[in-house]
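The values are calculated or read from the model by the stated rules, or taken from the named source; none is laboratory data. Here the structure is a predicted model, which is why all the values come from computation and not from measurement. Cβ atoms come from the backbone with ideal geometry, glycine included; neighbour counts cover every protein chain shown. For the accessible areas, the whole protein counts, side chains as well, though only heavy atoms, and no ligand, DNA or RNA atoms are used. Shrake-Rupley method; radii C 1.70, N 1.55, O 1.52, S 1.80 Å.
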Amino acid sequence: MDAGNDWAAAFFGLYNYWIVVVLMMVGFYIVIAHGNLIKKIIGLTIFQTSVFIYYISMGNVDGGTAPILADNISQYSNPLPHVLILTAIVVGIATTALGLALAIRIKESYGTIEEEIIQGMDNPG
Amino acid sequence: MDSLRFCNPKTIKEDNAIELLIDIVLLSFLVCIAFAIVRMKDLFAVIMLAGMYGLLSASFFVTMDAVDVAFTEASVGAGISTLLMLTTISMTGRYENTTRHRPMLALVVVFVTGSLLIYGTLDMPYFGSAQAPIQLHVAPHYINNSMSEIGIPNIVTSALASYRGFDTFGEVVVIFTAGVAVWALLMVNVQRRKNTEIDDANNSTHEQHFIVRFVAKMLIPFILLFALYVQFHGDYGPGGGFQAGVIFAAAIILYSMVFGLNTARRVISQPIVQLLTAAGVLLYGSVGIVSLLSGGNFLDYNVLSADPIAGQHLGILLIELGVGCTVASVMILIYFNFSGRKNDRELEEHKETT
Amino acid sequence: MDIVIAVVSAIFLLLGGFLCVTGGVGILRFPDFYTRIHATGVTDTLGAGLILIGLMLQVPDVLVLVKLVIILLMTLFINPVATHALAQAALKSGLSPLLQSKNHKGG
């Protein structure tokens, strides 16, 4: 195998994981740099989805099919990550809803959902 | 180094190339959308982009053979989560502040963490490799033995409901807890809401959307039927309690969006939804207790019937029903509370102005 | 016979793909919201419809055909309604259609 082919193999073999890292960091940046609580929750969702993509990518097998048993198919993708992520998605929306509910209550008590202003109101002076 | 890579030399074969192309295009789209979400100030646009992000990742899951996951992500990521966020910004305001909390420092932290993670991926087995450690341990057991041990074709369902039933029980309890917490945070006193003027105004706006109402009325029965199909066909094809619950809830939410929350509350009373939320978890737990009392382990369905396979079928049917029940009613409960809070606030503003 | 079906199906697929691309170009190039949703309407209804018809010609068994027909019917029902709801919402929130462009830069 010559060097160019090696690089191509590494690129296509690791591309999914690199994308996962990029998405994860975008979500992380939103969470730490943005002050708006709704935007922070959306950042968390992006972070979460990048983890889903990571798990599902790992479970994929070349030439495999969906893990539903059928005749004349011998190669299946790994069902275990699917199980974990399937439940994680629904738990994710339930917890996101909880976060949004908290944001609504914060808006009602403080009149804003910008982190800086809330901190200013909590620690005056 | 390559011996560590569990290397199947990833040569690009012709039948593989198109899948690889779709994979790369979808993932690149996801990155573009993520960057657009960072840049936008208008939260309405951000939420719409987040919905597209959910739908695209669902398409990606289909190309990765994770059909069950794609199902869930399409209905959750593109449907319900978008809706809840829209309801929220209608109460909290549409635009975000432009001031950033130490953006340079955040950028440095993100960049360093990202570089370390990228460095970490260099030791990962290549994507799609059949010899990667993840493919060698538990999964082959599920793939080879689930037909003889559980007796249903969909391996995801048998792993979810039977092999890892205890995990799933934990997840259902988390969903239940989150639902109860949202209810506790946003509960409004129903007695107070007796303003007919607002009701009339709401009803008349809902009456104006004749076309939307007509088509929604036609579609809702089919959506409900589809949810039931997904619920009970989950053993044989993609589907199961989680997906069915979300789809069922989506139909009810569509109804309450088009015909107004008060009409929806008259059709499906909230106390019954609250009862069902708990009943699903209770059903799941009781199956475990019954299997304990019959002499097996917790959630060991083999003892539920004289024939182990029939016992497994019965157990999976019951706990999927419990999951579907809890998920659907938690989603409905969450939406009712969000939307009820919004109506309540509008009512208060209305009172203040008059 | 097989070759005829393959060719006809390919024509449908290509036409559908072409309409999807033109819809995408339309979203980028059209001057205001109402003309843009016209472009998406074309993509959704005609583009997707032609692609589905192209796929129907290639199905291995009847069950898949029935599923594709159901998807086509759903698309034909839901997409126009979604477009209609979008346009109505925009009109209600006060976005007026661009009736005559002041300068000829856009378009």
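Candidates are the residues of the stretch B:112-121 that are more than 7 Å from chain A (Cβ to nearest Cβ) and among the aliphatic types (A, V, I, L, M); the one that is farthest from A:F11 (Cα to Cα) is B:V112.
For the stretch B:316-354, which residues satisfy the criterion of being closer than 22 Å to B:V156 by Cβ and of a type in the set (S, T, N, Q)? Across the stretch B:316-354, the qualifying residue is only B:T326. Figure legend. Inter-residue proximity from the stretch C:77-92: first residues in contact (Cβ under 8 Å) with a residue 24 or more places away in the chain, second residues charged (D, E, K, R), beta-carbon distance below 7 Å, spacing 6+ or different chains. Indicated pairs: C:N79/C:D44. Here B:G311 fits the description: assigned by TED's automatic domain parsing to the domain that holds B:Y236 and open to solvent by less than 10 Å² (accessible area, probe 1.4 Å). In the stretch B:88-107, the residues that are at the interface with another protein chain (Cβ under 7 Å from one of its Cβ atoms) form Cβ pairs under 6 Å with partners that are surrounded by 15 or more Cβ atoms within 10 Å (Cβ to Cβ) and of a type in the set (K, R), at six or more places apart or across chains, as follows: B:M91/B:K342; B:T92/A:K107; B:E96/A:K39.
A Cβ distance below 7 Å, combined with a sequence gap of six or more or placement on separate chains, defines the contacts here; from the stretch B:171-182, residues that are more than 7 Å from every other protein chain (Cβ to nearest Cβ) reach residues that are hydroxyl-bearing (S, T, Y) and part of a helix (DSSP H, G or I) in the pairs B:V172/B:Y284; B:V172/B:T326; B:F176/B:T277; B:F176/B:T326. For A:I73, the stated conditions do not hold, so it cannot be described as surrounded by 20 or more Cβ atoms within 10 Å (Cβ to Cβ) and either more than 8 Å from chain B (Cβ to nearest Cβ) or at pLDDT below 95 (or both). For the stretch B:326-341, the set of residues classified as out of contact with any Phe, Trp or Tyr (no Cβ under 8 Å at 6 or more places or on another chain), more than 10 Å from B:A249 (Cα to Cα) and more than 9 Å from chain A (Cβ to nearest Cβ) consists of B:F336, B:S339, B:G340, listed by residue number. I'm trying to understand the selection: among the residues of the stretch B:54-76, which are within 14 Å of the chain's Cα centre (by Cα) and either more than 7 Å from chain A (Cβ to nearest Cβ) or open to solvent by 20 Å² or more (accessible area, probe 1.4 Å) (or both)? If the condition is that a residue be within 14 Å of the chain's Cα centre (by Cα) and either more than 7 Å from chain A (Cβ to nearest Cβ) or open to solvent by 20 Å² or more (accessible area, probe 1.4 Å) (or both), then B:G54, B:L55, B:A58, B:V67, B:A70, B:F71, B:A74, B:S75 are the ones that fit. Based on what the data block shows, is A:F47 among the aromatic types (F, W, Y) and open to solvent by less than 40 Å² (accessible area, probe 1.4 Å)? The answer is no for A:F47.
One residue stands out in the stretch B:206-233 among those that are open to solvent by 60 Å² or more (accessible area, probe 1.4 Å) and within 23 Å of B:G340 (Cα to Cα): the one that is modelled with the highest pLDDT, namely B:K217.
From the list A:T96, A:T45, A:T49, the lone residue that is over 24 Å from B:I22 (Cα atoms) and polar (S, T, N, Q) is A:T96.
Pairing residues of the stretch A:89-117 that are closer than 23 Å to B:Q243 by Cβ and modelled with pLDDT of 90 or more with residues that are open to solvent by less than 50 Å² (accessible area, probe 1.4 Å) and aromatic (F, W, Y), at Cβ distances under 9 Å and at least 6 apart in sequence or on separate chains, gives A:I89/A:F52; A:I89/B:F242; A:V90/B:F242; A:G92/A:F52; A:A97/B:Y335; A:A97/B:F338; A:L100/B:F338.
A single entry from B:G179, B:G151 fulfils the requirement of being surrounded by 15 or more Cβ atoms within 10 Å (Cβ to Cβ) and in a helix (DSSP H, G or I): B:G179. Of all the listed residues (B:Y236, B:Y255, B:Y284), the sole one being within 14 Å of another protein chain (Cβ to nearest Cβ), touching a residue at least 12 places away in the same chain (Cβ under 8 Å), among the aromatic types (F, W, Y) and open to solvent by 20 Å² or more (accessible area, probe 1.4 Å) is B:Y236. Filter the stretch A:76-116 for residues that are open to solvent by 50 Å² or more (accessible area, probe 1.4 Å), of a type in the set (S, T, Y) and at the interface with another protein chain (Cβ under 7 Å from one of its Cβ atoms) and give the result. Result: A:T95, single match.
As a summary of the residue check, C:L52 satisfies the conditions (1) closer than 30 Å to C:L98 by Cα; (2) open to solvent by less than 60 Å² (accessible area, probe 1.4 Å) except for the one numbered (1). Specify which of the listed residues (B:I80, B:I143) is assigned by TED's automatic domain parsing to the domain that holds B:D235, open to solvent by less than 60 Å² (accessible area, probe 1.4 Å) and of a type in the set (A, V, I, L, M). Only one candidate qualifies: B:I143. If you check A:L23 against the conditions, is it assigned to a helix (DSSP H, G or I), more than 8 Å from chain B (Cβ to nearest Cβ), in contact with a helix residue (DSSP H, G or I) (Cβ under 8 Å, 6 or more places away or on another chain) and more than 22 Å from B:Q135 (Cβ to Cβ)? So A:L23 does not fit the description; no. Quick one: how many residues across the stretch A:38-70 are in a helix (DSSP H, G or I) and either within 12 Å of the chain's Cα centre (by Cα) or within 8 Å of chain B (Cβ to nearest Cβ) (or both)? Residues flagged as in a helix (DSSP H, G or I) and either within 12 Å of the chain's Cα centre (by Cα) or within 8 Å of chain B (Cβ to nearest Cβ) (or both) within the stretch A:38-70 amount to 21. Of the helices (runs of 4 or more DSSP H) lying entirely inside the stretch B:254-354, the ones with 3 or more residues being over 26 Å from B:H209 (Cα atoms) are found at B:270-293, B:308-353. Among the residues of the stretch C:71-93, those that are of a type in the set (A, V, I, L, M) and either closer than 24 Å to C:L14 by Cβ or not in a helix (DSSP H, G or I) (or both) comprise C:I71, C:L72, C:L73, C:M74, C:L76.
Taking the listed residues B:A249, B:A279, B:A264, the one that is over 30 Å from C:H84 (Cα atoms), away from chain C (no Cβ under 14 Å) and either of a type in the set (D, E, K, R) or touching a residue at least 40 places away in the same chain (Cβ under 8 Å) (or both) is B:A279, with no other qualifying.
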